[in-house]
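Below is one structure. I have some questions about it.
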């Protein structure tokens, strides 16, 4: 939902935050509470990893980056506005922010969709 090429890949983990440099780029593992592990599709051989659905990936970014604290900061991410206008994505973002129980995220998502 963000149109840039990533220089790093960030994944959530229940373990300690760590990062690694590889020939393919930087891999970052950020610690998150177990209660935040939902909204993913099982992928890989034998279900070896999970990939967040687009709305959940955006929610995870908001969760991990407290500096995104206003609609203006949100729009600096240059999200795909066509996708954000999809009713299903809006519902998923609003309900997901509530599920995560983060007042800052709920406020930003509500303000973005006014």
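Just so you know, all these numbers are worked out from the coordinates, no wet-lab data involved. Because the structure is a prediction, the values reported are computed rather than measured. Because the Cβ atoms are built from the backbone with ideal geometry, glycine has one as well, and the counts that use them run over all protein chains shown.
Got a sec? Which of 78, 15 is outside any helix (DSSP H, G or I), under 23 Å from residue 113 (Cα atoms) and out of contact with any helix residue (DSSP H, G or I) (no Cβ under 7 Å at 6 or more places or on another chain)? Explain how you work it out, then say what you get.
Working: 15 fails: under 23 Å from residue 113 (Cα atoms).
Sole residue among the options that is outside any helix (DSSP H, G or I), under 23 Å from residue 113 (Cα atoms) and out of contact with any helix residue (DSSP H, G or I) (no Cβ under 7 Å at 6 or more places or on another chain): 78.
Of all residues in the stretch 50-85, which are surrounded by fewer than 18 Cβ atoms within 10 Å (Cβ to Cβ) and touching a strand residue (DSSP E or B) at 6+ places or on another chain (Cβ under 6 Å)?
50, 51, 64, listed by residue number.
Sticking with this one: For the stretch 86-94, check the following and say yes or no: at least one residue is surrounded by fewer than 14 Cβ atoms within 10 Å (Cβ to Cβ) and either in contact (Cβ under 8 Å) with a residue 24 or more places away in the chain or within 21 Å of residue 11 (Cα to Cα) (or both). Steps first, answer last, please.
Filtering the stretch 86-94 down to residues surrounded by fewer than 14 Cβ atoms within 10 Å (Cβ to Cβ) leaves 86-88, 91.
Within this subset, residues satisfying the condition of being either in contact (Cβ under 8 Å) with a residue 24 or more places away in the chain or within 21 Å of residue 11 (Cα to Cα) (or both) are none.
No, the stretch 86-94 contains no residue that is surrounded by fewer than 14 Cβ atoms within 10 Å (Cβ to Cβ) and either in contact (Cβ under 8 Å) with a residue 24 or more places away in the chain or within 21 Å of residue 11 (Cα to Cα) (or both).
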